[in-house]
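S.K.: Dumping the structure here so I can ask a few things about it.
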Amino acid sequence: MNATVANPQDKLYIRKPIPVAERKRVIGMHVPREGEDGLFSQSWFPIALSDEVPVGGIIGRDFLDGRVVIYRGVDGVARIQSAYCPHIGADLAVGTVVENRVQCAFHKWEYDENGMCVKTGAGFPPPANACLYTFPVTERFGIIYVFNGHEPLWQLPDFEYADDELVASPFTSELYNCDPWIFASNTPDTQHISVVHGFRFKADDPSKTCEWEDWGFRMKIDAWHQDNEELAWEAGIYGSSIFLQQGMTDGWWLGIAAGFSMPRPGNHVVYISALVRNVEMEGGKTIQERLDYGKMLLARTAAEDKPILDSIHHRVGFLTKADTALGKYFRFLQNYPRAHPSADFIR
């Protein structure tokens, strides 16, 4: 018989041992890995902080299973294209930006904002089909995002306040050794939110409040956190790689825009922006005090997750009643669109 305990999480369930010879590991639904069968989630992925790409700047980044360049022309617009020049294959990241074009360092071929070759260093007309793959790009919260696909299937969701009413403080995490959707699945995993991050929910499991949409879900979190901070948040996951959270934290509004990048299969970096209202004082805290708290909270949460995610051998096995929302998210991922239209260009 189980002893009576004050905290249900301390309860032990004594069970008759299953003979070792009869034990089997149950593997439930299969969630596709990024890169499995050469395909990747058609989601928005963060790829750079805005201040990493000034006007006239160009950088190279690993993306999916290849490489892209991110550059900003004189018009101030960030663009992302396949990295390898179709002439000989030079990496355009070592080239330069000319007006709103990318110039290859090797033979001075230039590619416009649509990825078309419009000039060669020798002055000869460029081959008719010489072009780069040009990705959909959006830039918000101090972060540059790229979409895996010809056209975005959905747009980044909005906060309850307009972007120009908010102050953002973006930063990045260390590299995580797992696919981005694995980190994203922590949000509907409310057991994890409680036992790893110390949330004490005021009422029912927040997963019961999930509102599902075509491209993700939102749920309400009313809880106390580790230092007894009172939280009234809405948190959501969109696609396989975007997390948004907003709401009141001890009497002041905090927003979190986080995205899980896709530099290569089995790895990701978290791009995070803490956002607060652009009002001098709220909840007794200045803008900088609110931003500092938000960044501390995010960094602490990421640090609590990192050793788990870096070592996880992710398999969907036994799911319990407490995993209802988590199981639904795994099914969402099973059916999520996957493709790789840029494969011939970026590899």
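S.K.: What lysines does Lys16 reach when the alpha-carbon gap must be under 26 Å and sequence neighbours fewer than 8 apart in one chain are set aside?
M.R.: Hits, sequence-local ones excluded: Lys24, Lys321.
S.K.: So for the pair Met281, Val74, with labels modelled 7 Å out along Cα→Cβ, what separation do we get in nm?
M.R.: Each label point lies 7 Å from its Cα, and together they span 4.8 nm.
S.K.: Where the only charges are on Cβ atoms (+1 Lys, Arg; -1 Asp, Glu), what is the dipole of the stretch 98-237 about its Cα centre, to the nearest 20 debye?
M.R.: Roughly 640 debye for the stretch 98-237.
S.K.: Suppose all protein chains stay in the model; what accessible area per residue would a 1.4 Å probe give for the stretch 219-347, in Å²?
M.R.: So the stretch 219-347 comes to 42 Å² accessible per residue, rounded to a whole number.
S.K.: Would you please classify the overall shape of the chain from the alpha carbon gyration tensor, given that a ≥ b ≥ c denote the square roots of the eigenvalues, rounded means a/c under 1.5, and beyond that prolate means a/b larger than b/c while oblate covers the rest?
M.R.: oblate
S.K.: Per the 1.4 Å probe, what fraction of the accessible area of the chain, in percent, lies on carbon and sulfur atoms?
M.R.: Ligands and nucleic acids excluded, carbon and sulfur give 53 percent.
S.K.: Per residue of the stretch 35-42, what does 6.51 cos²θ - 1.76 cosθ + 1.60 with θ = phi - 60° give for ³J(HN,Hα)? Whole Hz please, x for Gly and Pro, Karplus curve as stated.
M.R.: Using θ = phi - 60°, the values come out as x, 4, 6, x, 10, 9, 4, 8 Hz.
S.K.: Excluding ligands, DNA and RNA, what is the solvent-accessible area per residue of the stretch 82-191 at a probe of 1.4 Å, expressed in Å²?
M.R.: 45
S.K.: Excluding residues fewer than 8 places away in the same chain, name every one of the lysines whose C-alpha is closer than 23 Å to that of Lys295.
M.R.: Lys220, Lys285, Lys306
S.K.: Let me ask something else about it. Order of 299-305, 219-225, 259-265 by packing, highest average Cβ count within 10 Å first?
M.R.: Packing proxy ranking, top to bottom: 259-265, 219-225, 299-305.
S.K.: Once both labels are modelled 7 Å past Cα along the beta-carbon direction, what's the Lys220-Met296 spacing in nm?
M.R.: Output for this residue pair reads 2.9 nm.
S.K.: Over the Cα atoms of the stretch 257-326, how large are the radius of gyration and the largest Cα-Cα distance (Dmax), in Å?
M.R.: 16.9, 49
The values are calculated or read from the model by the stated rules, or taken from the named source; none is laboratory data. All of these numbers come straight from a predicted model, not from anything done at the bench. Note that we place each Cβ from the backbone using ideal geometry, even for glycine, and neighbour counts take in every protein chain shown. The area values use the complete protein model at the heavy-atom level, side chains included, leaving out ligands, DNA and RNA. Shrake-Rupley method; radii C 1.70, N 1.55, O 1.52, S 1.80 Å.
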